[in-house]
Structures are given as C-alpha cells and as structure tokens.
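The values are calculated or read from the model by the stated rules, or taken from the named source; none is laboratory data. Everything numeric here is computed off the predicted structure, so don't read it as measured data. As a convention, Cβ positions derive from the backbone with ideal geometry for all residues, glycine included, and neighbour counts pool all protein chains shown.
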C-alpha cells in the first residue's frame, strides 16, 4: 500500500509513517500542509491518504476540503481523515463517499485497529470512529427503533457502522460467523433496512438511519 501523510504535527506525522512502514507499507510522501497534496497524490499514485481535518494556515477545514477534493478527482483513492474531536455531521457526510474513513487521533494508539481501518479504507471500504458511532447511537427515547435492540445487537450495530464486515465483527466479539449473520439480520429488520451483501452499502444504510434519527 502506497501512503501519503498530511499532518502538521511533526511527531504525529513521523509516528504515522513509522507505523505504516513497520506494517510493510510504503510511505511515498509526508507533508505538513494540504497545499501540495493533490499534486503529490497524482505524482506518487498513492493508494491511501491520511490527512488531519484541521490544517494550516487557518486550522479550520483545510483538511476536510482537501479530502473532499481528493475524492472528487481520485474517486478510487482511499482517504482517511483524522480529527482531534468528534464532529458527527461532518463525519457521516465524509464516510458516505466510500473508500473513506474518519477516526479520532487517539485511535492511532490502538495500532492494530488503526492499521486495519486504514487498509479497509484503501480497499474501498469505510471506517468510522467508535466514538462517533456511539454519539449517533446514544441519547434516544424509548420510541426510537434502536430501543428494540438487545445489548448484543447494539454491539453488532456499532461495529457495522464502523465499517466492519461480518467476519470482522465475529472476530471482534468472539462469535461464530453464523451467529453474527443472525444478529445482523435482526438489526436490519428492526431498523427497517434492506439486507445487502455489499459491506459499504450496509454501512451507508445504517449511518443514514442513525443520522436521520438524531434528535433535532
């Protein structure tokens, strides 16, 4: 996997590069801002871009805008956005494009999870930080469809929304594949969502349902 990193914090940028290199990936470029990002990606034929959502000079939405532009010009490119804080609406909008991930920077410390998410995004899948998913799932009334889910179904739902496949969910929860399939089927039925074998379409359906049910 050929990786480009755009992160203004030097220590984090170097740490990310080390993680990818140690995992056998190739960091083809490392930048401190987003100004030359498009040119760099095209030059190195990258598979994945990891970018901070807040970049110089204003530290507002430079990274988010660059990420959106990258997906518009290179739809096959995997783009993984890192953020210091949970920004629910923006996260859902970004991850809905496919080949897109949105993780909190703290997630980097969980190396195996982080690398797994990065590889999933580079392969065209989705990755949404568990804290973002939790913020979408929590704080609802008894009349919400989520109230009908069992505790285990809630766990499965959160992992579905993070972008994990059935096999990934089974591994995370130490369940059999058949058991996970049953839980997923029940979750989709209770949320009135169509079943789909396409992992990304399933993520989009779940996110759309959760986002629509957010308190206004």
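The table that follows gives values for the structure above.
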read-out	value
Top-ranked residue of segment 58-78 - restricted to ones that are assigned to a helix (DSSP H, G or I) and over 18 Å from the mean Cα position of the chain (by Cα), ranked as modelled with the highest pLDDT	73
Segment 114-133, residues that are surrounded by fewer than 21 Cβ atoms within 10 Å (Cβ to Cβ), assigned to a helix (DSSP H, G or I) and in contact with a strand residue (DSSP E or B) (Cβ under 9 Å, 6 or more places away or on another chain)	116, 119, 130, 131
Options 37, 48, 19, 109: the member that is more than 25 Å from residue 201 (Cβ to Cβ) and crowded, with 22+ Cβ neighbours inside 10 Å	37
Condition check for residue 170: outside the structural domain of residue 113 (by TED's automatic domain parsing) and either surrounded by 18 or more Cβ atoms within 10 Å (Cβ to Cβ) or touching a helix residue (DSSP H, G or I) at 6+ places or on another chain (Cβ under 9 Å) (or both)	yes
Residue within segment 10-26 that is touching a residue at least 24 places away in the same chain (Cβ under 8 Å), assigned to a strand (DSSP E or B) and in contact with a strand residue (DSSP E or B) (Cβ under 9 Å, 6 or more places away or on another chain) present	yes
Filter result for the condition that a residue is touching a residue at least 12 places away in the same chain (Cβ under 8 Å), outside any helix (DSSP H, G or I) and farther than 30 Å from residue 49 by Cβ, over 193, 146, 175	193
Residue match in segment 88-96 (condition: buried (at least 24 other Cβ atoms within 10 Å of the Cβ) and within 13 Å of the chain's Cα centre (by Cα))	yes
Answer residue from segment 187-214, given it is in contact with a helix residue (DSSP H, G or I) (Cβ under 6 Å, 6 or more places away or on another chain) and surrounded by 15 or more Cβ atoms within 10 Å (Cβ to Cβ) and is modelled with the highest pLDDT among those	187
Residues located in segment 52-76, provided they are touching a strand residue (DSSP E or B) at 6+ places or on another chain (Cβ under 8 Å), without any contact (Cβ under 8 Å) to a residue 60 or more places away in the chain and crowded, with 22+ Cβ neighbours inside 10 Å	52, 53, 55, 63, 64, 67, 70
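Residues checked against (1) outside the structural domain of residue 12 (by TED's automatic domain parsing); (2) more than 27 Å from residue 194 (Cα to Cα):
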position	(1), (2)
67	no, yes
80	no, yes
92	no, no
152	yes, no
155	yes, no
160	yes, no
164	yes, no
